[in-house]
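**Student:** The structure's right below; bear with me while I get my questions together.
The values are calculated or read from the model by the stated rules, or taken from the named source; none is laboratory data. These numbers come from a predicted model, not from an experiment. For neighbour counting, all protein chains shown are included, and Cβ atoms are generated from backbone atoms with ideal geometry for every residue, glycine included. Ligands, DNA and RNA are stripped out before the accessible areas are found, and what is left, the full protein with its side chains, is counted by its heavy atoms. Shrake-Rupley method; radii C 1.70, N 1.55, O 1.52, S 1.80 Å.
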Amino acid sequence: MESTPSSVYEKFDRYDFDSDQEFQSGLRALGDVSDPTRLLTAKAFYYSRAVAPIDLDGYFQWKTAQPQAQEPDGGGRGEDGDAPVSLSFVEVVQKIAAGETIPGIRQIPDVLSEEPASKSTATAPRKPWE
């Protein structure tokens, strides 16, 4: 039975890397994997060797094309409205690719302040030879 790329990506997406002891020992050998891209690359490398070959670029395209669940009215915030929702790296990539705003990121206008410049009231520091 031949697998479609979609089913391979679904299996990769659902694979339980946390309980795979061999993957976890390899992850410890890598050291710092706090970078989501490095972690996803490590997962794809291991999955390709141990389970089935996977194309990481194809996975990103597939993941981006998946329908996303609608966000609550909290605008990326939790039930109480003040705790930010944590997004995975893939979710952030999807939002950027779709042109959506990332929850918890403050939008800063691209204009300069129209206030007049203030006058300096501080005295200049003394020079070493003074």
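**Student:** Check segment 66-76 and report whether any residue there is within 20 Å of the chain's Cα centre (by Cα), closer than 20 Å to residue 8 by Cβ, surrounded by 11 or more Cβ atoms within 10 Å (Cβ to Cβ) and at pLDDT below 80.
**Tutor:** Within segment 66-76, one or more residues are within 20 Å of the chain's Cα centre (by Cα), closer than 20 Å to residue 8 by Cβ, surrounded by 11 or more Cβ atoms within 10 Å (Cβ to Cβ) and at pLDDT below 80.
**Student:** Tell me, which residue of segment 96-125 that is touching a residue at least 24 places away in the same chain (Cβ under 8 Å) and part of a helix (DSSP H, G or I) is farthest from residue 67 (Cα to Cα)?
**Tutor:** Going through the qualifying residues, I end up with 97.
**Student:** Identify all residues within segment 94-116 that are among the aliphatic types (A, V, I, L, M) and open to solvent by 100 Å² or more (accessible area, probe 1.4 Å); write none if there are none.
**Tutor:** Of everything in segment 94-116, those that are among the aliphatic types (A, V, I, L, M) and open to solvent by 100 Å² or more (accessible area, probe 1.4 Å) turn out to be 96, 105, 108, 111, 112.
**Student:** Could you please let me know if residue 94 is under 18 Å from residue 9 (Cβ atoms) and modelled with pLDDT under 85?
**Tutor:** no
**Student:** Then there's this: Step by step: first the residues of segment 1-18, then only those that are open to solvent by 80 Å² or more (accessible area, probe 1.4 Å) and not in a loop (DSSP other than H, G, I, E, B), then the one that is modelled with the lowest pLDDT. Which residue is that?
**Tutor:** That would be 5.
**Student:** Select from segment 29-54 the residues that are open to solvent by 80 Å² or more (accessible area, probe 1.4 Å) and at pLDDT 85 or above and write down the one among them that is nearest to residue 10 (Cα to Cα).
**Tutor:** Result: 53.
**Student:** Filter segment 19-28 down to the residues that are open to solvent by 80 Å² or more (accessible area, probe 1.4 Å) and modelled with pLDDT under 85 and list them by number.
**Tutor:** Selection gives 28 alone.
**Student:** May I ask you to list pairs of residues, at least six apart or on different chains, whose Cβ atoms are under 8 Å apart, with the first in segment 41-66 being part of a helix (DSSP H, G or I) and the second being of a type in the set (Phe, Trp, Tyr) and open to solvent by 40 Å² or more (accessible area, probe 1.4 Å)?
**Tutor:** 43/15; 47/15
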